[in-house]
Every structure is written in structure tokens, then in C-alpha cells.
1. For Cys94, all conditions in the list (1) modelled with pLDDT under 75; (2) hydrophobic (A, V, I, L, M, F, W, C); (3) not assigned by TED's automatic domain parsing to the domain that holds Lys26 hold save one; what is the number of the exception?
2. Can you go through Thr138, Thr97, Thr66 and tell me which one is assigned to a helix (DSSP H, G or I), surrounded by 11 or more Cβ atoms within 10 Å (Cβ to Cβ), hydroxyl-bearing (Ser, Thr, Tyr) and without any contact (Cβ under 8 Å) to a residue 12 or more places away in the chain?
3. Any idea which residue in region 25-63 is farthest from Ile85 (Cα to Cα), counting only those that are acidic (Asp, Glu) and part of a loop (DSSP other than H, G, I, E, B)?
4. Could you please find all residues in region 69-86 being without any contact (Cβ under 8 Å) to a residue 24 or more places away in the chain and of a type in the set (Val, Ile, Thr)?
5. Among the residues in region 42-51, are any over 29 Å from Pro16 (Cα atoms), under 60 Å from the mean Cα position of the chain (by Cα) and in the same structural domain as Thr12 (by TED's automatic domain parsing)?
6. What about Val74, is it surrounded by fewer than 16 Cβ atoms within 10 Å (Cβ to Cβ) and either out of contact with any strand residue (DSSP E or B) (no Cβ under 8 Å at 6 or more places or on another chain) or not hydrophobic (A, V, I, L, M, F, W, C) (or both)?
7. Within region 231-262, take every residue that is part of a loop (DSSP other than H, G, I, E, B) and modelled with pLDDT under 75 and give me the one that is farthest from the chain's Cα centre (by Cα).
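The values are calculated or read from the model by the stated rules, or taken from the named source; none is laboratory data. Keep in mind it's a predicted model, so treat the numbers as computed, not measured. In this analysis, Cβ positions are derived from the backbone assuming ideal geometry, glycine residues included, and neighbour counts consider all displayed protein chains.
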Amino acid sequence: MQQFLDRLEWTTLALPAVLLLFIGNKVVEEHPRPRTAANRIIGLVFLCLLAFQMHSHWPVHGDMLTEILLRSLVLSGLMLGCAWIVAPGLFSLCEYTIAAPIRKVAGWGAALVGSVFWVLVSPVRFVTEQNARRKQATEQEHLRREGESYAKHQATAQKRREDARAACELLYSLCAPEIKDRFPKTAFDDFFQKYLGDGHPPDFVEERAEQLKSIIEQHRTKIEPPEEQKTLEELAQWYQNVREQILHQKIEDKYKNAQIAQLNVRYQRLVQELLEEMKP
């Protein structure tokens, strides 16, 4: 092989190489894929020729290196020109003879691989999806329970506030005819709005409600019974007047009933005190 290469005169082959390259370039101008494939193949051939000749003439000196390089270029140019000329035809032949069956077989192989992969992955995917669904369901149930618990807690807290406010309103409505001069409705409303609103925690509202009821009770206990109510008849008349005032208030019946119940308790206490004073 090396002897054959050494006998070749690159100067005599340069012109044919240029002609073949010119003709081949015209042939592959509209065929980029065959051109690229031929370039890569001949480029590899050039490197092999260069390495083979340098190995055969090692050690290589200046003039010898130039001759080896030029000879390799000329031979590679000849082969590249021929490759450019025949590459489009070879590509077309392969496209209609070998490539089509190969593509079909490759498609079958890809489908087979995909089916096997799907069969292998399906159980894992199923388990993963089931775990994700269970986790999502658990999280949703946890959020639902938290929401219900929060709503229940808020409803309970609101009911405690409303009960505390209702107790204060009932007590003041019952005692208002007697304490309105000492503890007017405006003072009651100021305390009510400042300390018994929904913006306060229920414990705070209940504590302030007890304080408000204590204030009302203190005002009521400081008021002496009227001097003129010295007989059972006068006390009964006072009871009937207060009961009529309660019944004529524009409030719900349950509040009226609560006030009348408290009035009854007080009336019984006053009657008992009067009877005690009347004992011989």
C-alpha cells in the first residue's frame, strides 16, 4: 500500500481532482444530506491516509511532511469528487430499497419497546397515582375538618358573645325604670359598644358582661323602695304598672318573658320583706 502511494505523483492527479470536485459540487448542490455524508466520510479517509503515511515514513522531516500532506489532499480530493457524484444516486437507491424496510422495522421496534415500557411502567404509575390520590384526599379531608372545626369554634364564640350581650340587655331593660337616672342608657350603650363587640374574644366579652351586670345590680341595690309603697295593695299596684311597661316594650317575647320572670322574683322578695315588717 505504501509503495503504491509513494509511486503516485500528486502533481499529475491535481487537475483531475479539481475537475471531479467541480463536477461533484454541481451534482450535490441541491442534495445537502448526501454532500454532508460524503464530506464526513472523506474527511475521515484523509486523516487515515495522513496518519498511515506518517507512520510509514517516521521520522518525518520538513519536505517529506509537505509531500505527504499534499498527496493526502489530492487523493482525498479525488475521492471526495467521486463521492459527491455518486452520493445522490446511492442515497436515492437506499431510500427506496434499504431505508424503507429499515424505517418500518425501526418503527415496529420502537412500538414494541414502547409497549414493553408501558407494561413495565404501568404498575408503578398506577401505584404512584393511587398514592397521590390518597394523599390529596387526606389533605382535603384534613382541610375540611379544620374548616369545620374553625367554623364551629367561631359559631360557639359568637353565640357566647350574643348570650353575654343579651343577658346585659335583659337586665338593663328590667332595671331601667329605676336606674335610668343613675345609669342612663347612653352610658350603657357606650360600655356595650366599647367592650361587648364582636371584635373582642368571647372570654373578654363575658368578663366585661359580668362587670356590666354587676354595675347594674349595684345601682339597683342603692335605690330605696318608694316611701309610699307601704302596703300590699300599693306594692301590687307597682307590680302591675311595671308589668304593663314590660309588655308594651317593642322587643321579642322571649325577652319580655325573661324580664317578667325577674320582676316576679323581685316582687316576691319585696312582699316577703313587707310581711316580715308587718309581724307583731
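1. Failed condition: (3).
2. Values: Thr138 fails: surrounded by 11 or more Cβ atoms within 10 Å (Cβ to Cβ); Thr97 fails: surrounded by 11 or more Cβ atoms within 10 Å (Cβ to Cβ).
When all the criteria are applied, what remains is Thr66.
3. Applying the first criterion (acidic (Asp, Glu)) to region 25-63 yields 29-30, 63.
Now restrict to residues that are part of a loop (DSSP other than H, G, I, E, B): 29-30.
Details: Glu29: 11, Glu30: 12 Å.
Among those that are acidic (Asp, Glu) and part of a loop (DSSP other than H, G, I, E, B), it is Glu30.
4. Val86
5. Taking region 42-51 first, the residues over 29 Å from Pro16 (Cα atoms) are none.
For region 42-51, residues over 29 Å from Pro16 (Cα atoms), under 60 Å from the mean Cα position of the chain (by Cα) and in the same structural domain as Thr12 (by TED's automatic domain parsing): absent.
6. Details: surrounded by fewer than 16 Cβ atoms within 10 Å (Cβ to Cβ): no; either out of contact with any strand residue (DSSP E or B) (no Cβ under 8 Å at 6 or more places or on another chain) or not hydrophobic (A, V, I, L, M, F, W, C) (or both): yes.
So Val74 does not fit the description; no.
7. Step one: filter region 231-262 for residues part of a loop (DSSP other than H, G, I, E, B), giving 231, 248-252.
Applying the additional criterion that residues be modelled with pLDDT under 75 yields 249-252.
On the way: Gln249: 55, Lys250: 52, Ile251: 50, Glu252: 48 Å.
Once the filter is applied, the top-ranked residue is Gln249.
Rundown of residues vs (1) assigned to a loop (DSSP other than H, G, I, E, B); (2) touching a helix residue (DSSP H, G or I) at 6+ places or on another chain (Cβ under 7 Å); (3) among the hydroxyl-bearing types (Ser, Thr, Tyr), yes/no style:
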| residue | (1), (2), (3) |
| --- | --- |
| Val113 | no, no, no |
| Asn131 | no, no, no |
| Leu143 | no, no, no |
| Thr156 | no, no, yes |
| Glu178 | no, yes, no |
| Gln193 | no, no, no |
| Phe204 | no, no, no |
